[in-house]
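The values are calculated or read from the model by the stated rules, or taken from the named source; none is laboratory data. None of the values given here were measured: they were computed from a predicted structure. Positions of Cβ are backbone-derived with ideal geometry, glycine not excepted, and every protein chain shown enters the neighbour counts.
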Amino acid sequence: MGAQPRRSRPDDGHADALFALEDLDPCQERLPRAGAGPLFRDTPAARRLLAVTEIRAEAAAAASQRGRQILARFPDARVLPVASHWAIPDLHGNAGNVDRWVRIKREVLVLGEKKTLTTRPNGRSADWIAPSSANGCAMACAYCYVPRRKGYANPITVFTNIERILDNLSRHVARLGPKPEGNQCDPAAWVYDIGENSDCSVDALISDNVGDIIRSFARWPSAKASFATKFVNPDLLLLEPKGRTRIRFSVMPQADSKLLDIRTSPVESRIAAAGEFLEAGYEVHFNLSPVVLRPGWETAWADLLRHMDDVLPTRVKNQAAAEVIMLTHNEDLHDLNLGWHPRAEDALWRPDLQEPKRSENGGINVRYQRAVKYDAVDRMRALVARQAPWLRIRYAF
């Protein structure tokens, strides 16, 4: 965790990343509902987020029904065959791509098949982590952990064998049967996180995978889907989740978000959307995440929590809960960020406050020192209790 050399910020990529975020904001007054016009994914705003010009595709993925649907959505994109969605040498591990970090996210899409279908226990956000229907993201949050596994490019990879994924989930839900007793994940249902390595709201701009998953959980009375998001996609309002999907809007002070949450919906729009999503049949929670320790952080979070208290409808408050997640960072990601967005590292890379941490998958990350973290968690709990006492904290770490 010594001092790292700072590279100059490239014009290609970062300037693109900072285009007017209001252009992506679908929350002007009320979100469109059924019969209100074209789907949001077909609008110019969605096309600016995902202007796909190149699709890397495994042969079986491209030939599948879902793969053909995706190719039809982007008819002008050049399709290049790849042997494996996970090993594309000129994308993954190619240091030259750091200068095109955002451009690749916008213009490149990968299609593959999910080979290993594993449902893993969790116990924090959810009881279980479901097999992914995608990984990667078109957004560019500077602290995101997914790029640590992919190297110097992190476009969305869509898994087209959605039928196998749903069949695997269905059998897992059936084997478990009813939840014998409640826990902090949910008092009655088994909760499955369906978006561990991607943002489902953005994935739904590309294919019907997310819709298929949400409709499946609507039929499973003992289970509930859950995903965190930083993007407001009005198309999700049309899916009729029937209370069986929990959407967790991730929020942070807007100044932090402007610096760190590149290409996401404005935080105020995420909060403003909560009532519409509850009305559409979702359970709506919030992630206070990540909490980044910087001068004035407590004041900024107090302002955000007061805003939530002021604008959220009572019906949202009555069912809301939150997760508080302190920042975890990574040295490789730190080096990568220095190549495309070095200003972010002024806030994220704090050797004076951080210590190494081995992650569950064996990687070495950095987190706030134990005493610093415990003190900050206590302060966040006190802020929530004071500014938004209706917001139950499910867990904090």
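The condition of being small (Gly, Ala, Ser), surrounded by fewer than 24 Cβ atoms within 10 Å (Cβ to Cβ) and under 20 Å from residue 136 (Cα atoms) holds for only one of 257, 226, that being 257.
A count restricted to region 340-351 and to residues that are assigned to a helix (DSSP H, G or I) and modelled with pLDDT of 95 or more stands at 7. Taking the numbered list (1) over 17 Å from the mean Cα position of the chain (by Cα); (2) in a loop (DSSP other than H, G, I, E, B); (3) at negative phi; (4) touching a residue at least 12 places away in the same chain (Cβ under 8 Å) in turn, residue 169 passes all entries but (2). Considering region 151-172, and only residues there that are in contact with a Gly (Cβ under 7 Å, 6 or more places away or on another chain) and at pLDDT below 95, the residue that is nearest to residue 204 (Cα to Cα) turns out to be 155. In the set (1) under 29 Å from residue 329 (Cα atoms); (2) touching a Ser or Thr at 6+ places or on another chain (Cβ under 9 Å); (3) in contact (Cβ under 8 Å) with a residue 40 or more places away in the chain; (4) not in a helix (DSSP H, G or I), the condition left unmet by residue 224 is number (1). Scanning region 105-126 for residues that are in contact with a Pro (Cβ under 7 Å, 6 or more places away or on another chain) and buried (at least 23 other Cβ atoms within 10 Å of the Cβ) yields a count of 4. Just one of (1) touching a residue at least 40 places away in the same chain (Cβ under 8 Å); (2) not in a strand (DSSP E or B) fails for residue 219. It is (1). In contact with a helix residue (DSSP H, G or I) (Cβ under 7 Å, 6 or more places away or on another chain), touching a residue at least 60 places away in the same chain (Cβ under 8 Å) and more than 21 Å from residue 104 (Cβ to Cβ), is that true of residue 130? Yes.
Of all the listed residues (153, 140), the sole one being over 11 Å from the mean Cα position of the chain (by Cα) and under 23 Å from residue 259 (Cα atoms) is 153. Candidates 392, 358: the one that is touching a residue at least 60 places away in the same chain (Cβ under 8 Å), of a type outside the set (A, V, I, L, M) and over 17 Å from residue 292 (Cα atoms) is 392.
Looking across region 275-327, just one residue is touching a Lys or Arg at 6+ places or on another chain (Cβ under 7 Å), assigned to a helix (DSSP H, G or I) and under 18 Å from residue 255 (Cα atoms), and that is 298. Mind listing just one residue for me: the one in region 362-397 that is surrounded by fewer than 17 Cβ atoms within 10 Å (Cβ to Cβ) and modelled with pLDDT under 95 and, of those, farthest from residue 331 (Cα to Cα)? Taking the candidates together, the pick is 395. For region 238-281, a residue qualifies if it is in contact with a Gly (Cβ under 9 Å, 6 or more places away or on another chain) and over 23 Å from residue 144 (Cβ atoms), and the qualifying residues are 238, 239, 240, 241, 242, 243, 244, 281.
In region 353-396, the qualifying residues are those that are in a helix (DSSP H, G or I) and of a type in the set (Lys, Arg), and the one that is farthest from residue 307 (Cα to Cα) is 370. Restricted to region 57-76, and to residues there that are polar (S, T, N, Q) and surrounded by fewer than 17 Cβ atoms within 10 Å (Cβ to Cβ), the residue that is nearest to residue 203 (Cα to Cα) is 69. Here residue 337 clears all of (1) at pLDDT below 95; (2) part of a strand (DSSP E or B); (3) surrounded by 17 or more Cβ atoms within 10 Å (Cβ to Cβ) except the condition numbered (2). Within region 16-70, the residues that satisfy the criterion of being more than 27 Å from residue 141 (Cβ to Cβ), of a type in the set (Gly, Ala, Ser) and at pLDDT below 95 are 34, 35, 36, 37.
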